[in-house]
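The values are calculated or read from the model by the stated rules, or taken from the named source; none is laboratory data. Please read these numbers as outputs of a predicted model, since none were measured by experiment. Positions of Cβ are backbone-derived with ideal geometry, glycine not excepted, and every protein chain shown enters the neighbour counts. These accessible areas exclude ligands, DNA and RNA; they are computed on the full protein's heavy atoms, side chains included. Shrake-Rupley method; radii C 1.70, N 1.55, O 1.52, S 1.80 Å.
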Amino acid sequence: MEFPSEFIRFLTKASRVAVLTGAGVSQESGLRTFRDAQSGLWAQYRPEDLASPEAFARDPKLVWDWYAWRREAIKGVRPNAGHYALTEMEKKISEFTLVTQNVDGLHRIAGSANILELHGNILKVRCSECGTFTETWDDDVESVPRCEKCNGLLRPDVVWFGESLPRAELEAAVNAARTCQVFFSIGTSGVVQSAAALAHAARNKGSVVVEINAEPTPLTPKVDFAFHGKSGEILPELVKAVWANGLS
Ligand SMILES: [Zn+2]
């Protein structure tokens, strides 16, 4: 892929970069999207019936089992070349913030360090009552495991329908978008409100906004540069084009 020289110049000089990633990046690792993560016996449910506080209150075991099933599915999935290219980019840029909507933890596995998980992490479990995180729990076929401290039900550390985004992460993400010189929107349709807001925050502050996505999105007409294709192919080429020539 040929990148405009103007774009390469911007990136070569940038010391503050913020990146937002969405489901498309995980999909390229073979992970099914949230809405596709319902096959077999889960096909009869809508995501809203499995991923909301109301669903958990109504049938905690059903919700717990869906997440246990999804955690198992994630174990077989590896980061792709796009994830690794972002870890390379982080090494080259002094202030690099990776904001992700993905809950699969693949960026962490790939080695990214400064990550803001806007929608939580499906591999983490916390108490639904007192919020205490737990590393281990006893899976019981009959019931949802409980908190050692307060005996509350354990739940995945993800943001459900009807819940707000974690405040500290969201504030840090907005701050990164407002202060970066280059903002990337990667593998996200840009229609999720938080994602659109970050891109607009970056744009309003004069950042160069870049989209990398399989196809055009509602954000495309508003960005400075758009590249359509696989992030697992475009990102490694970009890192090579910017940093492999010895000029930076
Ligand atoms: Zn508790």
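So for Asp139, Asp65, what's the accessible-area order with a 1.4 Å probe, most first? Don't skip to the end; give the middle numbers.
Numbers: Asp139 105, Asp65 55 Å².
The ranking, largest first, comes out as Asp139, Asp65.
Which aspartates and glutamates have a Cα lying under 15 Å from the Cα of Lys205, excluding residues fewer than 8 positions away in the same chain?
Of all the aspartates and glutamates, those that pass the test against Lys205 - Cα under 15 Å, at least 8 places apart if same chain - are Asp224.
About its Cα centre, how strong a charge dipole does the chain have in debye, to the nearest 20, once Lys and Arg get +1 and Asp and Glu get -1 at the Cβ?
Values: 27 positive and 31 negative charges, 142 e Å.
Computed charge dipole of the chain: roughly 680 debye.
Take every DSSP beta bridge with both residues inside the range 16-150 and express the antiparallel ones as a percent of the total, to the nearest 5.
Values: 2 of 11 bridges.
Here the share of antiparallel DSSP bridges comes out near 20 percent.
Quote the FRET efficiency, to the nearest 0.05, computed for Thr12 versus Lys91 with a Förster distance R0 of 25 Å and r equal to the Cβ-Cβ distance. Can you show the working numbers first?
Numbers: r = 15 Å, r/R0 = 0.59.
Efficiency, from the Cβ-Cβ distance: 0.95.
Among the listed pairs Lys124/Lys149; Lys92/Lys222; Lys91/Lys240; Lys61/Lys124, give every one whose C-alpha distance is greater than 24 Å.
On the way: Lys124/Lys149 17 Å; Lys92/Lys222 27 Å; Lys91/Lys240 13 Å; Lys61/Lys124 17 Å.
Listed pairs above 24 Å: Lys92/Lys222.
Can you work out the accessible area per residue across the chain, with the rest of the protein chains kept in place, probe 1.4 Å, in square angstrom?
Working: 12270 Å² over 248 residues.
On a per-residue basis, 49 Å².
Looking at the P(r) of the chain, how many percent of alpha-carbon pairs lie beyond 28 Å?
On the way: 10666 of 30628 pairs.
Of all Cα-Cα distances in the chain, 35 percent exceed 28 Å.
Given 0.36 nm per residue, what is the gain on full extension from Lys149 to Phe133 after removing their alpha carbon distance, in nm?
4.7 nm
Quick one: with all protein chains in place, what share of the accessible area of the range 144-248 is carbon or sulfur, to the nearest percent (1.4 Å probe)?
Values: 2540 of 5130 Å².
Using a 1.4 Å probe with all protein chains present, the range 144-248 comes out at 49 percent carbon and sulfur.
Suppose the Debye formula is applied to equal point scatterers at every Cα of the range 109-248; what is log10 I(q)/I(0) at q = 0.18 Å⁻¹?
For the range 109-248 at q = 0.18 Å⁻¹, log10 I(q)/I(0) is -1.08.
What percentage of the solvent-accessible surface of the range 1-102, computed with a 1.4 Å probe over protein heavy atoms, is contributed by carbon and sulfur atoms?
On the way: 2440 of 4900 Å².
That fraction is 50 percent.
Relative to the first principal axis of the alpha-carbon coordinates of the chain, what is the inclination of helix 60-75, with its axis defined by its Cα atoms, in degrees from 0 to 90 and to the nearest 10?
40
With an 8 Å cut-off on Cα pairs and a minimum separation of 6 or more residues, tell me the relative contact order of the range 99-248 in percent.
Details: 217 pairs, mean separation 21.9, N = 150.
Value for the range 99-248: 15 percent.
Roughly how much of Lys222 is accessible, in Å² to the nearest 10, using a 1.4 Å probe?
Around 90 Å² of this residue is reachable by solvent.
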